[in-house]
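Comments concern the structure below.
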Amino acid sequence: MVITHTKLKRNSVGLLQGTFQSLGQVAPAADIAILLVASFSISGAQTVMSVIIGWIIYALWMITPYELSKLKSNSGSYYAYAAGATEKGGLGPISALSFMYYDITGAAFGILGLSSFIFLMAPQITEIPYLWILFAGIFTAFIIAVTYLGIRPSLNYTAITGILEVMFLLIGSIIIIIRVGSHNSIIPFEVTGPYSIGFSAIMFASVFSILDFTGSGVVTTISEEISKPKKNIGKSIVFAMVLTAIALIPAAYALTVGWGVSSISGFAAHSDAGLTVFYRYLGPVGLVLLIVFTINSYFSNGVSKATAVSRWWYSAARDHVIFPETIGKINKKHSSPANAAIIWAGLSFVLDVIMGLIFGPLSAAFVLEAGTGISIIVVHMIANTSLTIYTKRVNKFNLLKHGILPSIATIVGLVVLYFTMADIFKKYFVTPSALNDAYFISFIVTILWILVGGIVVTLYYRIKRPEILRDAGEFNMKAKE
């Protein structure tokens, strides 16, 4: 039996909020302050190339949610697309587990990243034991509270602050590039050559760069609450991708030349390189604005992520896949899946604290984000396959849009995974260290969770509850377009 109703409040938000639901999770200012450090540590002066490659890869992946959003309006997003792709729903559990792994490890970006950023601003407070846990707790409480209040106030917040954030990063980057003058260089755009770090390293760094743009497709999780979903979801994805490119690509280049191409090896080793570059060329005002927007960016990311997670967990719980029905319970006053948001935030907080105690908040964030990058690549590859299968199932198949382009996107994802695996294994065996060992373990755990977990859970439903898989992901809100 296909479920034919929804408890989420329809027409709660529009195109503007949809665009910044995606951009809020991208969190460009926070990427500049923290996440790009991981890319710089791997690809050095060619970091801007890893960012451009990451954007191109993610743009290819966005074809799938763009196309599927025209056909189905379900808050389950990638999970629902995969579950509903086949009549027996066989792709649902592995997609749900991959998506879930991305959710829980990806929270490290905000929970641990914010704590690390505060430490960068005031290094002296790092001497206070476990203070970062307090920051992580405040962050977690904030995103739970805002998400609990419902989708409209939370996305209005991300929209207003997001517009200002993009404008600041673009204008600031242009000023830095102009002031660098003759020290501007083409070396950051070289993939091969005497000054290049090497294609393999650039591709590995692109995994972290992909994370810079991750979130552009999560607007699909509000498909049951946005007005005219089959039109506005696709538009939101396009607008968000354009805005992320405007915010991050010029900034990646500006940080490279602003720091100095010849001395770029010191960028990742410096505790606050991004802040240093902005202060050097924009003065105290630029520094303060970057700090303000970065802190706000983390909070916006948390709100956007909590909104997305709670919606697709609600959808899966409605289908009785992975999650119990109680997780999908809707708060009647604010029409929000509060239980899902609280449980997700709680699980993420516990994991992040444990990892932070072992590695320290910054290194722990990078280790967890490696698993996040791998799992989201898997989610997108499953979604690409789902697009091809589903469009054939409903007689909407177009060879280019639903066959060739999704296949190219999947192949690119496999290439990125290969280079990621090669780099992780090489560092584990050639230059062992606590951090490289952690990357290796993170990779193994991610693969086991997705593959072994996906196979076991799928077999369980196939044998014990086949009707659950058959009906999973079938809900499709019929909106008046």
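Before moving on, here are some points about what is shown:
- With contacts taken as Cα pairs under 8 Å at a separation of at least 6 residues, region 308-396 carries a relative contact order of 16 percent.
- Over 16 Å [Cα-Cα, region 364-471], rounded percent: 68 percent
- For the residue pairs K70/K396; K7/K228; K231/K305; K235/K392, the alpha carbons lie more than 19 Å apart in K231/K305; K235/K392.
- Just the protein heavy atoms count here, and of the accessible area of region 406-476 at 1.4 Å, carbon and sulfur take up 74 percent.
- Solvent-accessible area of region 78-119 (1.4 angstrom probe, protein heavy atoms only): carbon and sulfur portion equals 68 percent.
- Among the protein heavy atoms of region 189-235, carbon and sulfur supply 62% of the accessible surface, probe 1.4 Å, non-protein parts ignored.
- Rounded to the nearest 10 degrees, the inclination of helix 199-213 to the longest alpha-carbon principal axis of the chain is 60 degrees.
- With the whole protein complex present, L60 retains an accessible surface near 40 Å², based on a 1.4 Å probe.
- For region 270-329, the Kirkwood radius over C-alpha pairs fed into Stokes-Einstein at 10 °C and 1.306 mPa s yields D = 112 µm² per second.
- Straight-distance candidates among the aspartates and glutamates for linking to K88, with alpha-carbon spacing under 18 Å and chain neighbours fewer than 8 residues away dropped: D319, E467, D471, E474.
- Per residue accessible area of the chain, 1.4 Å probe, in Å²: 38 Å²
- With helices as the sole contributors, the chain gives -23500 deg cm²/dmol at 222 nm; each DSSP H run of n ≥ 4 counts as -39500 (n - 2.57), and the sum is divided by every residue.
- Hypothetical label at L448: residues of region 345-365 whose amide nitrogen lies under 11 Å (7 Å Cα-Cβ projection): none
- Low-density loop positions, GluC sites (Glu not before Pro), region 38-140 - DSSP coil, at most 16 other Cβ in 10 Å: E87
- Using the average count of surrounding beta-carbon atoms within 10 Å as a protection proxy, the listed peptides 445-457, 342-354, 69-81 rank, highest first, as 69-81, 342-354, 445-457.
- The calculated FRET efficiency for the pair I186 and I463, based on their C-beta separation and a Förster distance of 60 Å, comes to about 0.55.
- Geometric extent, Cα atoms of region 314-391 - Rg, Dmax (angstrom): 16.4, 47
- Debye intensity ratio in log₁₀ form over the Cα atoms of the chain, taken at each q of 0.07, 0.09, 0.10, 0.13 Å⁻¹: -0.33, -0.55, -0.69, -1.19
The values are calculated or read from the model by the stated rules, or taken from the named source; none is laboratory data. Predicted model only: the values in this text are computed from it and were never measured. Glycine also receives a Cβ, built like all others from the backbone with ideal geometry; neighbour counts cover every protein chain displayed. With ligands, DNA and RNA removed, areas are computed over all heavy atoms of the protein, side chains included. Shrake-Rupley method; radii C 1.70, N 1.55, O 1.52, S 1.80 Å.
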